[in-house]
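Taken together, the values in this text are just the output of simple stated rules run on the coordinates, not laboratory data. Note that the coordinates shown come from a computational prediction; the quantities given were computed from them, not determined experimentally. FYI the Cβ positions are ideal-geometry reconstructions off the backbone, even for glycines, and counts take in every protein chain you see.
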Amino acid sequence: MSETVDNIQETDSATMEPPAEPLSQPLTIGVEAYLSEEYARAERDKLWAKVWQQVGRVEELAKTGDFLTYEILDDSLIVVRTAPDTVRAYYNVCSHRGRPLVDVPPGAHDARGRRRLFVCGFHGWRYNLEGKCAHVAEREDWPCGLTEENTSLTEVKVDTWGGWIWINLDPECRPLREYLEPAATLLDPFELENMRFRWRCWLVFDCNWKVALEAFMETYHVPGTHPEFMSFGSFLGWAKAQGRHSNIGYDAPKGLDENQAKLRLGSGDDPRVSTAELQNFTWEHANTNTTRTLVDAAQRLVDELPEGTPADQVLKHWLDSARRDDAARGVNWPTVDPVDIGRSGTAWQIFPNFQIGHALNNMLCYSARPYGYDPDKCVFEAAVYELYPPGEEPRTTWEYTPADDPAWRTVLPQDFSNMAAVQKGMKARGFSGPKPNPYRERSIVNLHHNLATYMGTGEPRDLT
Ligand code: FES
Ligand SMILES: [Fe+2]
């Protein structure tokens, strides 16, 4: 693969053409990464034990002693605030005979609470927030045998970025910030750490975790899966490989570079009207990608602007007035250079399993991870965030929400309807492997290119 890319770049420089974007040639992917149980088992040590994983928000652990658990295959972690400025993580397992210290209730997303000590339910060993064993019943029965080293909880790397807590099971891992680049630098101006949950739902899909994520990492599916959006404008866009990560964005209409972002204009003769319609539809049927302030400001466009106002001025007026309305209630949008807005696109796929769909005042994030070693199942999470006046953030919890629950409204279930179907279709003898669009779906090829470096198998191949 890398050879192919190098060859293309050499050819380009020889002919003075601009170099091709990495992975822009037509490639195909094997189905092993989606379907093989052996591959799913190998992910345990080769992938999940090596990568940074997002496990929750910093604000979820507000007070010292606040903890939550995170499960990834055989490993359960306790992520706990040990001091006002410190979050640590430990394997959730008692050093005595291996009982988990915190049980996750059946069917729950995680376990959480506030503790000064974690007490094992088996023989009562106790651990303090620093992970040290603070009490062993009848300790004298181990003369000189129990040390801090052999009784402490095993610690796991933790760091924060963007308001999220991230863990890495690899004691030798590279720092989070370095791992996240160039996403971290391009997203920093959006001040994602100031966003708070508006709603968050999770469910189990009958598909591999990659199938679930890949359904959201390209815009190529919009006309086929969400045809009603096409009456409001064009929602097709690019996808770029960004090292181990990737990002996607809308193609900018001619002369309207500012309109590549997620907060975008409707199309047609009167963008005042179509933007209001698009905003209403999005709010009602997707329940994400916009806010009440933006919807309300869009409704006023026909009153506030004369007929025939050029599209770029409609966009500017809409965003400026929504920004002003929010500022008046104590919600301050970050100021981001339009060039950075264009380059950052609409969503980042953080390797391997987290997507950040950012905007100036809201975001939509997805994550997916294995459900045991069954390659046909995954745990999927969708969370919508927004900027709120301080103290007015809603209280939310992870709600288990089956795909047919009306709470999902209508747009996301259109995406969900492809999940199990794709998983089944890829098993067909007549299917020769995914062939992502080299422009709009390059993010998918890039995911598998990077997976292959961790897994040692599955490198995308030349399609021809
Ligand atoms: S297994 Fe925890 S105290 Fe025995
Ligand atoms: Fe979709």
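Values computed for the structure shown
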| quantity | calculated |
| --- | --- |
| Packing-based exposure ordering (other Cβ within 10 Å, fewest first) of Lys63, Lys427, Lys50 | Lys63, Lys427, Lys50 |
| Those residues of region 195-220 whose amide nitrogen sits under 18 Å from the label point placed on Asp75, 7 Å along Cα→Cβ | none |
| Greater than 23 Å apart at Cα, pairs in Lys240/Lys427; Lys210/Lys427; Lys210/Lys240 | Lys240/Lys427 |
| Residue list for region 196-236, given a label point 7 angstrom along the Cα-to-Cβ vector of Thr396 and an amide N cut-off under 13 Å | 196-202 |
| Ranked packing of 154-160, 103-109, most packed first, by mean Cβ within 10 Å | 154-160, 103-109 |
| Reachable lysines from Lys316, criterion Cα separation under 18 angstrom, eight or more residues apart if same chain | Lys254, Lys262 |
| Acute angle (nearest 10 degrees) that the helix 442-455 long axis makes with the longest principal axis of the chain, alpha-carbon atoms | 20 degrees |
| Label-reachable residues, region 377-408, where backbone N falls under 16 Å from a point 7 Å from Arg196's Cα toward its Cβ | 384-398 |
| Cysteines without a disulfide-compatible neighbour (Cβ-Cβ under 4.7 Å), the chain | Cys133, Cys144, Cys173, Cys201, Cys207, Cys365, Cys378 |
| In region 237-321, GluC sites (Glu not before Pro) in a DSSP loop with at most 16 other beta-carbon atoms within 10 Å | Glu307 |
| Region 366-464: GluC sites (Glu not before Pro) in DSSP coil with no more than 10 other Cβ atoms inside 10 Å | Glu392 |
| Loop-located trypsin sites (Lys or Arg not before Pro) in region 81-147 whose Cβ has at most 11 other Cβ within 10 Å (DSSP) | Arg97, Arg116 |
| Interchain or long-range residues, amide H under 5 Å from Asp66's placed H | Arg81, Arg115 |
| Ranked packing of 405-417, 443-455, 313-325, most packed first, by mean Cβ within 10 Å | 443-455, 313-325, 405-417 |
| Lys316 versus Leu35: modelled label distance in nm, points set 7 Å from Cα along the beta carbon direction | 5.4 nm |
| Thr335/Glu155 FRET efficiency (R0 30 Å; Cβ-Cβ; nearest 0.05) | 0.15 |
| Calculated [θ] (222 nm, deg cm²/dmol) that DSSP helices of n ≥ 4 give over the chain, each run adding -39,500 (n - 2.57) | -7500 deg cm²/dmol |
| Per-residue HN-Hα couplings for region 23-36 [Karplus 6.51, -1.76, 1.60; θ = phi - 60°; Hz; x = Gly/Pro] | 6, 8, 7, x, 10, 10, 10, x, 8, 3, 5, 9, 10, 7 |
| Asp170-Gln299 FRET efficiency (beta carbon distance; Förster radius 60 Å; 0.05 resolution) | 0.75 |
| Order of Thr147, Thr457, Thr219, Thr282 under a 10 Å beta carbon neighbour criterion, fewest first | Thr147, Thr457, Thr282, Thr219 |
| Amide H partners (placed H, <5 Å) of His135, local residues excluded | Arg126 |
| Sorted by Cβ density within 10 Å, fewest first, the residues Cys144, Cys120, Cys378 | Cys144, Cys120, Cys378 |
| Protection proxy ranking, peptides 220-226, 172-178, 231-237, 288-294, average beta carbon neighbours within 10 Å, highest first | 288-294, 231-237, 220-226, 172-178 |
